[in-house]
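Structure record follows, encoded as C-alpha cells.
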Amino acid sequence: MSAHTIFDCASLGSVIRYFDSSPKPPARFTKKLVTWESRNGTGRLVKKEPPRTRITYSSPACFALHEGDFGESGVVVVSVRRTYSVESDLRFEIVERPSIGMVRVLQDLGDSPELLHLALNREAAERWLANNPYSRAYLEEVTADEVGADVMEGRSAA
C-alpha cells in the first residue's frame, strides 16, 4: 500500500509496517544495517494530519507512527515517533487493526486527534486515564460499524 492509502484507510491504533523492499544487510555491516532499519519497521498509528496551506508554505497530509518508549522503572525517557508524508516512497501495510470493544484514549490538539493509549476495554481506558491525566482527553470505543466498514471496503489487515 502507499502512504496515501494508509492515511485514507487505516484507523488510529492500527499497527502499520513500513518497508523499502530492500534485503536486510548482514549484522557486520553496521552502518548499512542502521540505514536499513530506519526504512523498515513497525509502529502504531497515533496521528493523522490533513494537508496544510499557509501563505508562506504548504505541506501534504501526513501520519505519525509510535515505535516505542524507552526508560527505566516505569518512567518514559524517550518516546520514538516517525512521521511520514503521503508522498513517501516507502511501502506500507496494515498488520493489525483495533478490535471491536477496544477503547482509544484520544486528545484533541490542533486539526486532528492524537492517540494517547489503546485499551482493551472502557474500564482499562478509564484506569489508564486516571493514572495519566491529560487535558482535553476523551474516550472513543472501536465499534462494529468501523470494523465492518473496513471489511466491506476490502481493507482487511494483511
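Rule-based calculations on the coordinates, nothing more; no lab input. Bear in mind the structure is a predicted one, so any value in this text is a computation, not a measurement. Heads up, the Cβs are rebuilt from the backbone with ideal geometry, glycines too, and the neighbour counts pull from every protein chain shown.
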Under 5 Å between amide H atoms, partner at least 5 residues away or on a different chain: which partners does SER14 have, H built in plane at 1.01 Å? LEU45
Lysines near LYS32 by alpha-carbon distance under 25 Å, same-chain residues fewer than 8 away left out - which ones? LYS24
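Note down the relative contact order for the chain as a percent, whole number, built from C-alpha pairs under 8 angstrom at least six residues apart.
25 percent
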May I ask you to list the aspartates and glutamates whose Cα is less than 17 Å away from that of LYS31, ignoring any residue fewer than eight positions away on the same chain? ASP20
By the mean-Cβ-within-10 Å protection proxy, highest first, 103-113, 135-145, 70-80 rank as 103-113, 135-145, 70-80
Length gained, LEU120-VAL78, 0.36 nm per residue minus C-alpha separation, equals 12.7 nm
Counting all Cα-Cα pairs in the chain, those more than 21 Å apart amount in percent to 53 percent
